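The values are calculated or read from the model by the stated rules, or taken from the named source; none is laboratory data. Nothing here was measured: the structure is a model prediction, and the numbers come from that model. Every residue, glycine as well, gets a Cβ built from its backbone with ideal geometry; the counts of neighbours run over all protein chains shown.
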């Protein structure tokens, strides 16, 4: 099996990041994939751009969806997860994660952790 990567831009605090990590572990485990590594980055690889610059729209999304609330310790980061799995399994995991990150569907709602699939 090859090692494949998932990348998500997140606007999260430690609790939100832990929740996303749990979703990844559950999605991978239910499809017999193995998580072989993980990185939480605040800069993009090979670049001097910060994740705050790249994913600034996530902070704006939070402010718009939660008017008047403090963002607390939330910050824009990129979660990179490396999985040992087939391409078909990687696609299924990615699809499951996207659905789990914001399960309410197309109706207007606020995601628990604002995110972008990178």
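Points to keep in mind about this one:
Residues are listed down the side, and each one gets a yes or a no for (1) under 20 Å from residue 112 (Cα atoms); (2) at pLDDT 95 or above; (3) in contact with a helix residue (DSSP H, G or I) (Cβ under 6 Å, 6 or more places away or on another chain):
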residue: 1; (1), (2), (3): no, no, no
residue: 15; (1), (2), (3): yes, yes, no
residue: 19; (1), (2), (3): yes, yes, no
residue: 23; (1), (2), (3): yes, yes, yes
residue: 35; (1), (2), (3): no, yes, yes
residue: 45; (1), (2), (3): no, no, no
residue: 59; (1), (2), (3): yes, no, no
residue: 71; (1), (2), (3): yes, no, yes
residue: 82; (1), (2), (3): no, yes, no
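- Test: residue in region 103-116 that is under 23 Å from residue 32 (Cα atoms), in a strand (DSSP E or B) and at pLDDT 90 or above: no
- Top-ranked residue in region 1-18 [being over 10 Å from the mean Cα position of the chain (by Cα) and in a helix (DSSP H, G or I); ranked as nearest to residue 89 (Cα to Cα)]: 18
- Scanning region 57-70 for residues that are touching a residue at least 40 places away in the same chain (Cβ under 8 Å) and under 18 Å from residue 14 (Cα atoms) yields a count of 3.
- Criterion applied to 38, 78, 14 was being in contact with a strand residue (DSSP E or B) (Cβ under 7 Å, 6 or more places away or on another chain) and more than 17 Å from residue 111 (Cβ to Cβ), and the one residue passing it is 38.
- For the residues 84, 96, 92, 100, the requirement of being touching a strand residue (DSSP E or B) at 6+ places or on another chain (Cβ under 6 Å), surrounded by 15 or more Cβ atoms within 10 Å (Cβ to Cβ) and not in a loop (DSSP other than H, G, I, E, B) singles out 84.
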